[in-house]
Amino acid sequence: MKTIGLLGGMSWESTAEYYRLLNERTRERLGGLHSAKCVLYSVDFAEIERLQVEGRWEEAGDVLAAAAKSLSAAGAELLLICTNTMHKVADRIAAEVDVPLLHIGDATAEAVRAAGPRRVGLLGTAFTMEQDFYRDRLTAGGLEVLVPDEEGRATVHRVIYEELCAGIVREESREAYRAVIRDLVAAGAEGVILGCTEIELLIGAEDSPVPVFPTARLHAEAAVARALADVPEAAPAP
């Protein structure tokens, strides 16, 4: 199995989910006591969040590129940025290392296409919903992307940073997200991309009338498939 490098900590709440998902999928694939070979660099999210708010994306890219170099030096053979928003600087990070970077937008678009929908709603941080870096990646993957209205975007963004990144899960916030999803479906969404890795802590399939696509899970599953591409499937139990 190739060693997966995790560029995480943004926030650590969802990075912990990545670690669980990678190991569960590896065990499903190989059986027994197998677990994922991975290394983690967890940044201080307060530092990154400040750079986001101040629009200092180049500096944020420098921080994450240096972390990616550390992962490469530690033996990573495949790199994951464990956040949707910071894929804004994915090209900057990829340019600094020889390790292939598996883009979360590509993994998500592939999974959505395989499931059938072509017009999808996108939930995420304001940066992810409103800027082009992520939506364009999905569009290039063959999808039509809808985002919530201004009020809906503000609600989704606030809950991510004020609650989910701090490990707070509130029922009233779940209901607010359900209302945003209903509006997207009314606008024609055939599926909803949970385009922030923390949203999976709050929303699941039961909260939406159309399929949801949890990006952290899809990213982790694609990473394990890539890491085990040359490893045979485990024999079925007798």
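A Förster radius of 30 Å combined with the Cβ-Cβ distance from residue 230 to residue 168 puts the calculated FRET efficiency at roughly 0.10. Near residue 232: Cβ cut-off under 15 Å, other residues only, Lys/Arg at +1 and Asp/Glu at -1. The net charge is -1. Each Lys or Arg adds one and each Asp or Glu subtracts one; over the other residues with Cβ under 11 Å from the Cβ of residue 195, this totals 0.
Relative contact order, percent, of segment 1-83 when contacts are C-alpha pairs under 8 Å separated by at least 6 residues?
52 percent
Database remark: amide H of residue 5 closer than 5 angstrom to the amide H of 39, 77, 78, 79, 80 (H placed geometrically; neighbours at sequence offset of 5 or more, or on other chains; Pro and chain starts carry no H). Per-residue Karplus couplings for segment 15-22, computed as 6.51 cos²θ - 1.76 cosθ + 1.60 with θ equal to phi - 60°, are listed in order as 5, 4, 5, 4, 4, 4, 5, 4 Hz, Gly and Pro entered as x. Rolling a 1.4 Å probe across the protein heavy atoms gives the chain an accessible surface of 45 Å² per residue.
Taking R0 as 25 Å, what's the FRET efficiency between residue 186 and residue 113 from their Cβ-Cβ distance, rounded to 0.05? Intermediate results must be reported in sequence, preceding the final value.
Values: r = 23 Å, r/R0 = 0.93.
Efficiency at R0 = 25 Å is approximately 0.60.
Built from the Cα atoms of the chain, the convex hull projects on average onto 13.1 nm², one quarter of its surface area. Specify the longest stretch of the chain that does not include any exposed loop site, a site being one of the GluC sites (Glu not before Pro) with a non-H, G, I, E, B DSSP assignment and at most 12 other Cβ atoms within 10 Å. Formally, the longest exposed-site-free interval is 55-232. Along the positive direction of the dipole of segment 115-156 (beta-carbon charges: Lys, Arg +1; Asp, Glu -1; about the Cα centre), which of 126, 152, 141 reaches farthest? Sorting the options by dipole projection puts first 141.
With θ taken as phi - 60° and the Karplus curve 6.51 cos²θ - 1.76 cosθ + 1.60 applied, the whole-hertz 3J(HN,Hα) list for segment 167-177 is x, 9, 10, 10, 5, 5, 6, 4, 5, 5, 5 Hz, x standing for glycine and proline. Between segment 61-104 and segment 129-203, the C-alpha centres lie 24 angstrom from each other. Ellipticity at 222 nm from helices only: DSSP H runs of n ≥ 4 in the chain, each -39500 (n - 2.57), divided by the residue count, give -15500 deg cm²/dmol. State whether segment 99-146 is rounded, prolate or oblate according to the following rule on the C-alpha gyration tensor (a ≥ b ≥ c being the square roots of its eigenvalues): a/c under 1.5 gives rounded; otherwise a/b larger than b/c gives prolate, and the remaining case gives oblate. Note, shape of segment 99-146 comes out oblate. Under the convention that each Lys and Arg Cβ holds +1 and each Asp and Glu Cβ holds -1, the size of the dipole of the chain around its Cα centre is about 680 debye.
Each Cα pair under 8 Å and six or more residues apart adds its separation to the average, and for the chain the resulting relative contact order is 24 percent. When a 1.4 Å probe is rolled over the protein heavy atoms, the share of accessible surface on the chain that falls to carbon and sulfur comes to 48 percent. For the residues 169, 147, 192, a GNM of the chain with alpha-carbon springs under 10 Å puts the largest fluctuation on 169.
The values are calculated or read from the model by the stated rules, or taken from the named source; none is laboratory data. From a predicted model like this one, the values you see are computed outputs, not experimental measurements. Every residue, glycine as well, gets a Cβ built from its backbone with ideal geometry; the counts of neighbours run over all protein chains shown. Accessible surface areas use protein heavy atoms only, side chains included; no ligands, DNA or RNA. Shrake-Rupley method; radii C 1.70, N 1.55, O 1.52, S 1.80 Å.
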